[in-house]
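Novice: A single structure is presented below for examination.
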Amino acid sequence: MNIELTPIGYFSCPQKYRFETPRQGVYANNTGHIVLNDDPRLEEACRDLGGVDRIWVLFCFHLNKGWRSFVRPPVSPGGRRISTFATRAPFRPNPIGLSCVELVRVERKILHIRNFDLLDGTPILDLKPYVPAVDSFPDSRVAWLENAKTEQWEVCFEPSVLRRIVWIRENGGPDLENFCSVQLACDPLNRKRKRLASDPDGVWRIGCRTWQILFRIEQKTLRVHTVLSHYAPEDLASQEDRYGDKELHRSFRRIFGNE
């Protein structure tokens, strides 16, 4: 039997790439909105959402194809593989996702939400209210997670690097602040999962598309101190522009340099 699903709307937010997605929405600090399709019944179906603090969002992992029986989650005991149905891995037999998000407000066919693990353009399949009396089971176990290290690192930013990050974001580049919060807060030095390099003086570098973020480790704190263009000068002199961002990098270097 084949089942055909039609999205009821689409999600809109600044995050567009897989690496910008937090492990779970609860670890995020972001805002976005669901825009429902132009069907008056959909707007009517939201009428009584006023006063609902959280909703379940069922959606499609629209960027993913294929799946495997075992996956390696960001956190697992000894880094071992875990069977797919015992995880929330995004690569699944049917690419259906489920996320519990905070509902900020409803404006006709637009639902403003907070703390999510969705990306821009995500097709929305259904919405349901989160009901604590029947949806919360705080004593339930996930045995393999009990043996996994879930240590969270604090990520701090120097004021000078925040100025660079804000400029890049406001001029159409990736949200590097969100990238750092997602990639560095958990298992930040895992070279198998992250584009990492280290300098002899203790500076670590992580790549985000065509940018490099430099940080240092201070006990359990990661301090991000600068962002650099990853293009060499000869690359920027070339007219070839695979990622369509060389003019952004040229402007960045004119304003901030690259040190």
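Novice: Among GLY51, LEU125, ILE96, which residue has its Cα furthest toward the positive end of the charge dipole of the stretch 38-143, with +1 on Lys/Arg Cβ and -1 on Asp/Glu Cβ?
Specialist: With unit charges placed on the Cβ atoms, the residue in question is ILE96.
Novice: Note down the magnitude of the dipole of the chain about its Cα centre, charges +1 on Lys and Arg C-beta and -1 on Asp and Glu C-beta and zero elsewhere, to the nearest 20 debye. List each step's numbers first, then the result.
Specialist: Numbers: 38 positive and 33 negative charges, 176 e Å.
Using Cβ point charges on Lys, Arg, Asp and Glu, the chain gives about 840 debye.
Novice: Given the options LEU103, LEU145, LEU196, which has the most mean-square fluctuation in a GNM of the chain, springs set between C-alpha atoms less than 10 angstrom apart?
Specialist: Among LEU103, LEU145, LEU196, the largest GNM mean-square fluctuation belongs to LEU145.
Novice: Any idea how far the Cα center of the stretch 86-114 sits from the one of the stretch 127-169, in Å?
Specialist: 15 Å
Novice: If you don't mind, there's one more thing I want to ask. Determine the shape class of the stretch 135-206: with a ≥ b ≥ c the square roots of the Cα gyration tensor eigenvalues, call it rounded for a/c under 1.5, and otherwise prolate if a/b is greater than b/c, oblate otherwise.
Specialist: Oblate is the answer for the stretch 135-206, as a/c is 1.5 or above yet b/c matches or exceeds a/b.
Novice: For SER181, what accessible surface area do you get with a 1.4 Å probe? Give it in Å², rounded to 10.
Specialist: Here the accessible area works out near 60 Å².
Novice: Normalised by the residues of the chain, what does the relative contact order come to in percent, with Cα pairs under 8 Å and at least six apart?
Specialist: On the way: 426 pairs, mean separation 51.9, N = 259.
For the chain, the relative contact order is 20 percent.
Novice: Also, I was wondering about something else. Quick check: residue separation of ARG18 and SER251 times 0.36 nm, minus the Cα distance between them. What number comes out in nm? Walk me through the intermediate numbers first.
Specialist: Values: separation 233, 0.36 × 233 = 83.88 nm, distance 2.61 nm.
Result: 81.3 nm gained on full extension.
Novice: Sticking with this one: Express in nm, to one decimal, how much length is gained between ARG114 and ASP199 on full extension, taking 0.36 nm for each residue of separation and deducting their alpha carbon distance. Before the final figure, lay out the partial values.
Specialist: Numbers: separation 85, 0.36 × 85 = 30.60 nm, distance 3.74 nm.
Contour length minus Cα-Cα distance gives 26.9 nm.
Novice: Ignoring everything but the protein chains, give the 1.4 Å probe accessible area of TRP144 in square angstrom, nearest 10.
Specialist: About 40 Å², rounded to the nearest 10.
Novice: With unit charges on the beta carbon (Lys/Arg positive, Asp/Glu negative), name the residue among GLN24, ASN147, SER136 whose Cα is farthest towards the positive pole of the charge dipole of the chain.
Specialist: Final value for the positive-end residue is ASN147.
Novice: Here's something else I'd like to know. Mind checking which of PHE59, PHE137, PHE85 has the largest fluctuation in a GNM of the chain, springs on alpha carbons under 10 Å?
Specialist: Highest fluctuation of the listed residues: PHE137.
Novice: Rank ASP39, ASP135, ASP175 by mean-square fluctuation in a GNM of the chain with C-alpha springs under 10 angstrom and give only the top-ranked residue.
Specialist: Per the Cα network of the chain with a 10 Å cutoff, ASP135 tops the list.
Novice: Just add up the charged neighbours of LEU119: K/R +1, D/E -1, any other residue whose Cβ is under 13 Å from the Cβ of LEU119. Walk me through the numbers before you get to the answer.
Specialist: Details: positive: LYS16, ARG18; negative: GLU20, ASP117, ASP120, ASP175.
Combined, the nearby Lys, Arg, Asp and Glu give -2.
Novice: Sorted by accessible area (1.4 Å probe), largest first, how do ILE124, ILE96 line up? Walk me through the numbers before you get to the answer.
Specialist: Working: ILE124 0, ILE96 80 Å².
Heavy-atom accessible area, descending, gives ILE96, ILE124.
Novice: To the nearest 500 deg cm²/dmol, what mean residue ellipticity at 222 nm is calculated for the chain from DSSP H runs of n ≥ 4 alone, each contributing -39,500 (n - 2.57), summed and divided by the residues?
Specialist: Values: 7 runs with 50 residues, N = 259.
Calculated from helices alone, the mean residue ellipticity at 222 nm is -5000 deg cm²/dmol.
Novice: Oh, and also: Suppose we take every Cα in the stretch 50-135 and form the convex hull; what volume per residue is that in Å³? Present the calculation step by step, with values, prior to reporting the outcome.
Specialist: On the way: hull volume 10.4 nm³, N = 86.
In the stretch 50-135, the Cα hull volume divided by residue count equals 121 Å³.
Novice: Cα gyration tensor of the stretch 99-241, axes a ≥ b ≥ c as square roots of the eigenvalues: rounded (a/c below 1.5), prolate (a/b > b/c) or oblate?
Specialist: Numbers: a/c = 2.41, a/b = 1.44, b/c = 1.68.
Oblate is the answer for the stretch 99-241, as a/c is 1.5 or above yet b/c matches or exceeds a/b.
Novice: Length gain on complete extension for the stretch GLU43 to ASN64, per 0.36 nm per residue less the alpha carbon to alpha carbon distance?
Specialist: Answer, rounded to one decimal: 4.6 nm.
Novice: Continuing with the same structure: Over the stretch 64-176, what is the relative contact order in whole percent, taking alpha-carbon pairs under 8 Å and six or more residues apart?
Specialist: Computed value for the stretch 64-176: 22 percent relative contact order.
The values are calculated or read from the model by the stated rules, or taken from the named source; none is laboratory data. The structure displayed is predicted, hence computed values, not measured ones. Because the Cβ atoms are built from the backbone with ideal geometry, glycine has one as well, and the counts that use them run over all protein chains shown. SASA here: full protein model, heavy atoms, side chains in, ligands and nucleic acids out. Shrake-Rupley method; radii C 1.70, N 1.55, O 1.52, S 1.80 Å.
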